[in-house]
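The values are calculated or read from the model by the stated rules, or taken from the named source; none is laboratory data. Please read these numbers as outputs of a predicted model, since none were measured by experiment. Cβ: placed from backbone, ideal geometry, glycine included. Neighbour counts: every protein chain shown.
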Amino acid sequence: MKNYFSSNFRLGVLGGGQLGKMLLTETQKFDIYTVILDSSADAPCAQICNEFHQGSLMDFDTVYNFGKQVDLLTIEIEHVNIDALIKLEAEGLEIYPQPSVLQIIQHKGKQKDFFVKKNIPTSPHKRFETLEELKNSSLHFPFVWKSAQFGYDGTGVKIVKNENDLNTLTDTDCIVEDLIPFKNELAVIVARNKSGEIKTYPVVEMEFHPEANQVEYVICPARISDGVAQKAKEVALKVATSFEHIGLLAVEMFQTEDDEIIVNEVAPRTHNSGHYSIEASFTSQFEQHVRSILNLPLGNTASKVAGIMVNLVGEEGFSGNVVYENINEILKMDGVTPHIYGKKETRPFRKMGHVTIVNNDLTEARKIAEKVKNTIRVISE
């Protein structure tokens, strides 16, 4: 086995945001030398990684030259220059998740086509290259519009209720999906290593902010029947084995009114729906990502306690230097752990941190989560 620990091995990560910051906790625990590339000098990872490079993740030369300086390359965001990764992989660099997987997942049209080809249950969809093409087609309102690329944290997704709403859409490559009534939004994180070992985390339930289309609460375990949970895990495993990805794959799903499971979309990385695992699981998603890309034995995905994650996002009406008002009050509560991402500037709905609530009783954890949500405010000076 290659020696990754306290050695000359260099792990490269494309992206230096909060996911990278939480990944660094694990690489530092294992003493794995970690090199980060991000476009911002103020990225959350910049001050705490072993080595930081500033540059665009979408620029071919920047990504290619960065890749030449590391022994294995991974990502914390999928919006990266794929052509550079394909060239690096052809020259022998190990890259996980693989560029072939990223190429499909970073384009929502290709992603949906892949689900259909592999008989993975998903809502019916159509692809359009321009807004004009979309407007000239026969449309059935309401429907879901998604930008094919660069959507993140709820941006690039809209519910189109009538013809007037078409004028609010961006003129870009896009997909439209049937609007499926559903009971719950669920997610399952799947870890897979090079040896083919594969494990799923428990099914989580996501509660969304009605305006920002961002997750407000992640609840683990999901409050669903064992039958539905089993079905969700089976669908997630089918998605992961179809991609044959290495690393983590977060599979977002809907539980329909008749308890069927359909896949919404996937993310080939650590994910907001798995943050609860830092405090609540035997193996956090971030440690599991390190284990999977280095082909180490996968850790135990079971939960030690019930866990609920509350996203801390910038409050509407506030922009500028961030202040976490009433953070002292939530620190007095049992089982509450805040994570501050290191972004100095807040703006409305920007993800600034999260809080995990752990408790032996899920109902009690949910009550405390509500209290946390109503107490702490992310505002500006």
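Scanning region 67-101 for residues that are assigned to a loop (DSSP other than H, G, I, E, B) and under 16 Å from the mean Cα position of the chain (by Cα) returns GLU76, ILE77, GLU78, HIS79, VAL80, TYR96, PRO97.
Per-residue answers, yes or no, for (1) of a type in the set (Val, Ile, Thr); (2) at negative phi; (3) touching a Leu at 6+ places or on another chain (Cβ under 9 Å):
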| site | (1), (2), (3) |
| --- | --- |
| MET309 | no, yes, no |
| PHE318 | no, yes, no |
| ASN321 | no, yes, no |
| TYR324 | no, yes, yes |
| GLU329 | no, yes, no |
| LYS332 | no, yes, no |
| VAL336 | yes, yes, no |
| PHE349 | no, no, no |
| GLU364 | no, yes, no |
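Checking each residue in region 273-293 for being under 15 Å from the mean Cα position of the chain (by Cα), within 16 Å of VAL305 (Cα to Cα) and not small (Gly, Ala, Ser) picks out HIS275, TYR276, ILE278, GLN285. Applying the condition of being without any contact (Cβ under 8 Å) to a residue 24 or more places away in the chain and of a type in the set (Val, Ile, Thr) to region 156-207 and asking which residue is farthest from LEU237 (Cα to Cα) yields THR168. The strands (runs of 3 or more DSSP E) found wholly in region 197-269 and carrying at least 2 residues that are modelled with pLDDT of 95 or more, within 14 Å of the chain's Cα centre (by Cα) and under 21 Å from ASN119 (Cα atoms) occupy 247-256, 261-267.
For region 102-172, which strands (runs of 3 or more DSSP E) that fit wholly inside it have 2 or more residues that are surrounded by 13 or more Cβ atoms within 10 Å (Cβ to Cβ) and charged (D, E, K, R)? Quick ask: steps written out before the conclusion?
Numbers: elements: 125-128, 143-147, 157-160.
In region 102-172, 125-128 are the strands (runs of 3 or more DSSP E) which contain 2 or more residues that are surrounded by 13 or more Cβ atoms within 10 Å (Cβ to Cβ) and charged (D, E, K, R).
Among the residues of region 289-296, is there at least one that is in a loop (DSSP other than H, G, I, E, B) and under 24 Å from ALA43 (Cβ atoms)? It would help to see each step written out before you state the result.
Within region 289-296, the first condition is being in a loop (DSSP other than H, G, I, E, B), and the residues that meet it are 294-296.
Next cut, under 24 Å from ALA43 (Cβ atoms) only: 294.
Yes; the residues of region 289-296 include at least one that is in a loop (DSSP other than H, G, I, E, B) and under 24 Å from ALA43 (Cβ atoms).
Out of the residues in region 173-221 that are of a type in the set (D, E, K, R) and in contact with a Leu (Cβ under 8 Å, 6 or more places away or on another chain), which is surrounded by the most Cβ atoms within 10 Å (Cβ to Cβ)?
Step one: list which residues in region 173-221 are of a type in the set (D, E, K, R), which gives 173, 177-178, 183, 185, 192, 194, 197, 199, 205, 207, 211, 216.
Of the ones still in play, those that are also in contact with a Leu (Cβ under 8 Å, 6 or more places away or on another chain) are 192, 197, 199, 205.
Values: ARG192: 24, GLU197: 14, LYS199: 20, GLU205: 20.
Among residues in region 173-221 that are of a type in the set (D, E, K, R) and in contact with a Leu (Cβ under 8 Å, 6 or more places away or on another chain), the one surrounded by the most Cβ atoms within 10 Å (Cβ to Cβ) is ARG192.
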